[in-house]
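The values are calculated or read from the model by the stated rules, or taken from the named source; none is laboratory data. Just so we're clear, the structure is a prediction, and the values are computed from it rather than from any experiment. So basically every Cβ, Gly included, is an ideal-geometry build from the backbone, and we count neighbours across all protein chains shown.
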Amino acid sequence: MSLDVEITGSAAEGTTTVAGDIGHLVLVTGLSGAGKSIALKYLEDLGFFWTDNLPISLIPAYLDHLRSGGHGVLRVAVGIHLREGESLQRFPSDYRRVASLAEHSEILFFEAGPDTLVNRYQETRRRHPLAQECTVREAILLERQALEPVRAMADLVIDTSRSSTPQLKERLAQLFQEMLVERRQIGELTIFIRSFGFKFGANTDADMVLDGRFLPNPYYDPELRPYNGREEPVMRFLERDGEALAFLERLQSLFDYLIPRYQKEKKRYFTVDIGCTGGYHRSVFLVEQLTQRLRQQGFMVLMRHRDLYRDPPKSADD
C-alpha cells in the first residue's frame, strides 16, 4: 500500500531551506532486491546522511530537519520505494520540487534480470512486496513495468545482475569517490567505459554498446592467448595492422561529437560498453586506449573490465 502524505507550510514550499545547505541529494530507487539497501549503506560510509523508504512528499521536511541540525553542507541519500498508484503518477512533479532544494540532485535506479531477482528472493526467503496474489516472477515483471517511467528519468541505471556485493561496492566507490574529489565539478558528465565478453551476456544498463569482434583475435595465437588486452604482447599485436587504431580514431571523433551534446542536455552519466568474444583481449585493449585518450582531453572517465578476472582462456572451447 502506498503512503502519500502532503507536507504543508514552509518546508514544502522550500522557503525555509537555505541555498547551499544541501549540497548533494541522491534518490536511490529501482526494483526490489536489486541492491538499493547495499547502495544506501555504502553511501553512509562515504559521509552521506541516509534514510530508506521515505515517501517523496516527506523529503522536504526531512531535508529541513537535517539542515536545522547545523551540520553544514550536507550530502543526503534517500531510498524511494515506488510501486503503484498515485505516488508513481506524482513522481515527476514531486521530484522537480525536491531537486530544487539541493545544489545537485540525481536519481540512481537499480535493476537486475528476472532470473537473478527470483534467485535472490529464494535464497533470502523474503517476500516480494507485490507478490500478494501472484508468483515472485510475476510480481517482478509488474514492478518493472510500473517503474519504467521512473527508470526513464534516472540519471544512472545500474544493473546488478552480474555483480556481487563487493563488485557493486567497487562501482559505487568509483562513482562517488571520484565525484567527491575537489577536481570534479558538480554536474560534470561522468563517462563509464566497460569491457565485457559477449559469450557471458551483455549488460542491460549501457547507453551504447560497441562490438570489437571484427578485429584480429589474439586468442588464436597460442603464445598470446594467456595475455590480456592490458599487456604488451597483445597491445602490440592489435596495433600491428592498424585496424584497432583506426577504430579508436573513429570512436574518438564520435565522442568528440557526442559529449558536448550530452553536456548541453545536462546528462550526468554516459555508459559505453565495448565487447569482444570473451572480454579478455580486444575489448580490454579498446577500453584502456579510449579511456586514456578521453582522460587526456580532460573528461571524467571511469573504467571497468567486467570479465577480465575470469580464468584466462586456455583452449578453443573456452
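Within the span defined as the stretch 237-255, one or more residues are under 26 Å from Ile107 (Cα atoms) and part of a helix (DSSP H, G or I).
Tallying residues that are at pLDDT below 65 and either within 24 Å of the chain's Cα centre (by Cα) or not assigned by TED's automatic domain parsing to the domain that holds His104 (or both) within the stretch 60-83 yields 1.
Criterion applied to Leu40, Leu25, Leu31 was being aliphatic (A, V, I, L, M), touching a His at 6+ places or on another chain (Cβ under 8 Å), within 30 Å of Arg162 (Cβ to Cβ) and modelled with pLDDT of 90 or more, and the one residue passing it is Leu25.
From the list Ala139, Ala154, the lone residue that is modelled with pLDDT of 90 or more, surrounded by 14 or more Cβ atoms within 10 Å (Cβ to Cβ) and out of contact with any helix residue (DSSP H, G or I) (no Cβ under 8 Å at 6 or more places or on another chain) is Ala154.
Of the candidates Tyr227, Tyr257, the single residue that is hydroxyl-bearing (Ser, Thr, Tyr) and surrounded by 15 or more Cβ atoms within 10 Å (Cβ to Cβ) is Tyr227. A count restricted to the stretch 128-159 and to residues that are in a helix (DSSP H, G or I) and not charged (D, E, K, R) stands at 11. So, in the stretch 96-118, exactly how many residues are within 18 Å of Glu143 (Cα to Cα) and surrounded by 14 or more Cβ atoms within 10 Å (Cβ to Cβ)? Summing the residues that are within 18 Å of Glu143 (Cα to Cα) and surrounded by 14 or more Cβ atoms within 10 Å (Cβ to Cβ) in the stretch 96-118 gives 11. Just give me the residues in the stretch 87-116 being in a helix (DSSP H, G or I) and of a type in the set (Gly, Ala, Ser), in sequence order. Answer for the stretch 87-116, where residues must be in a helix (DSSP H, G or I) and of a type in the set (Gly, Ala, Ser): Ser87, Ser93, Ala99.
Each residue in the stretch 273-311 was checked for being under 21 Å from Phe237 (Cα atoms), in contact (Cβ under 8 Å) with a residue 24 or more places away in the chain and assigned to a helix (DSSP H, G or I), and 11 pass. Kindly evaluate Gly212 against the criterion of being at pLDDT 95 or above, small (Gly, Ala, Ser), closer than 25 Å to Gln297 by Cβ and outside the structural domain of Tyr42 (by TED's automatic domain parsing). For Gly212, the condition - at pLDDT 95 or above, small (Gly, Ala, Ser), closer than 25 Å to Gln297 by Cβ and outside the structural domain of Tyr42 (by TED's automatic domain parsing) - is met.
Within the stretch 261-272, the set of residues being in contact with a Ser or Thr (Cβ under 8 Å, 6 or more places away or on another chain) and either under 11 Å from Ala206 (Cβ atoms) or outside any loop (DSSP other than H, G, I, E, B) (or both) comprises Tyr269, Phe270. Do you know which of the residues in the stretch 191-226 that are in a loop (DSSP other than H, G, I, E, B) and among the hydrophobic types (A, V, I, L, M, F, W, C) is farthest from the chain's Cα centre (by Cα)? Checked the stretch 191-226; the qualifying residue farthest from the chain's Cα centre (by Cα) is Leu224.
Out of curiosity, is Lys266 within 24 Å of Lys199 (Cα to Cα), of a type in the set (Lys, Arg) and surrounded by fewer than 17 Cβ atoms within 10 Å (Cβ to Cβ)? It is false that Lys266 is within 24 Å of Lys199 (Cα to Cα), of a type in the set (Lys, Arg) and surrounded by fewer than 17 Cβ atoms within 10 Å (Cβ to Cβ).
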